[in-house]
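In what follows, a structure is listed as structure tokens, so that the remarks can point back to it.
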Amino acid sequence: MSKLIQQLTIIGVGLIGGSLARALKQAEVCGEIVGCGRNEAELKKAVELGVIDRYALDQAEAVRGADMVLLAVPLGAMRAVMTSIAPAIGKNTILTDVGSAKGSVVDDAKAVFGEMPRNLVPGHPIAGTEKSGVEASFATLYQGRKVILTPLENGDEAALKTVAAMWRHAGADVVEMSVEHHDRVLAATSHLPHVLAYALVDSLARMDETGEVFKYAAGGFRDFTRIASSDAQMWHDICLANRHEVLNMLGRFREDLDALTSAFETADGEAILKCFSRAKRARDHFSKIMAE
Ligand code: NAP
């Protein structure tokens, strides 16, 4: 029986690529899933776990014969991977990715392919955990979660439909927006919170000479800083790739933090309470929406 995708090649069988492979296997929509990465032991593990059917260490060999290639490597590796697969990728092969910033992926594709490939469908699943690697992957990661596709001008409609259908089979809710809009929104909702969590934990760790701070850290600290356990290299890549939007958000946040600092300097309780109350209302509203 004909499948949605005959051969899906996933370069980067980690948390994100591995979870998609697991979900698509359960949905039985791929003829074969081929994995590729640098570490053979990890790829062998992926085969043993039933995440992929087979693997190739050579990227060009891995994409040969694929009707869809998914790039699920860190953003800093995208351009090198595209360069390796460019000579081997089929003319009609759909190329998609899961990178957490989209402008840099589009720039990489332009630089490598000379012109924008019509079959390129940039994507970003809004799902993840602070863990990495194929062993951390699970089939339900995308259930009910959003996947943002950022279709390109003159991009192939059929390629877009197939990528959207793939994510829906993995349980995701697919939405579309422009590359620029994606990078602006994600800088606010994801990249800035990661920068702040890393910066806070780093500040506290460097001043915590006696171990007092972490010894008495409670639920609030854990909630606020969980994402500082995320892979540092991956978030370095993401924040640097989207640095213009991250800088813009840091500037806006710094202004608000300055205003709050002034309120503390002048013991302006009214201003402090206003800020905290506004935030609580916004967070409660957000929690309600998330629970629906
Ligand atoms: P991960 O678990 O560390 O997986 C990354 C995979 O890429 C690994 O299998 C790694 O295998 C492979 N890889 C790394 N460098 C490579 C290179 N130079 N060439 C070929 N393969 C390489 O990371 P992840 O969380 O799945 O993230 C992958 C992508 O998803 C990133 O672009 C990230 O921005 C995006 N994303 C992440 C999240 C999240 O919350 N984690 C959410 C949405 C999107 P080897 O080491 O064996 O090469």
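The values are calculated or read from the model by the stated rules, or taken from the named source; none is laboratory data. The model shown is predicted, which means the values in this text are computed figures rather than measured ones. Because the Cβ atoms are built from the backbone with ideal geometry, glycine has one as well, and the counts that use them run over all protein chains shown.
Observations on the model:
- Check on Ala109, assigned to a loop (DSSP other than H, G, I, E, B) and either modelled with pLDDT under 95 or under 18 Å from the mean Cα position of the chain (by Cα) (or both): no
- Residue within segment 180-201 that is surrounded by 14 or more Cβ atoms within 10 Å (Cβ to Cβ), under 22 Å from the mean Cα position of the chain (by Cα), among the acidic types (Asp, Glu) and assigned to a helix (DSSP H, G or I) present: yes
- Candidates Tyr198, Tyr216: the one that is within 30 Å of Met78 (Cα to Cα), hydroxyl-bearing (Ser, Thr, Tyr) and not assigned by TED's automatic domain parsing to the domain that holds Gly103 is Tyr198.
- Of the residues screened, Leu192 is not one that is within 26 Å of Ala23 (Cα to Cα) and in contact with a helix residue (DSSP H, G or I) (Cβ under 8 Å, 6 or more places away or on another chain).
- Picking from residues in segment 21-62 that are away from the ligand (no atom under 12 Å from the Cβ) and farther than 18 Å from Ala139 by Cβ, the one that is surrounded by the fewest Cβ atoms within 10 Å (Cβ to Cβ) is Arg54.
- Test: residue in segment 208-223 that is within 30 Å of Glu180 (Cα to Cα) and either touching a helix residue (DSSP H, G or I) at 6+ places or on another chain (Cβ under 9 Å) or surrounded by 14 or more Cβ atoms within 10 Å (Cβ to Cβ) (or both): no
- Subset tally (residues that are among the charged types (D, E, K, R) and at pLDDT below 95) for segment 77-92: 1
- Listed conditions (1) buried (at least 23 other Cβ atoms within 10 Å of the Cβ); (2) more than 9 Å from the ligand (Cβ to nearest atom); (3) of a type in the set (Asp, Glu) are all met by Asp97, apart from (2).
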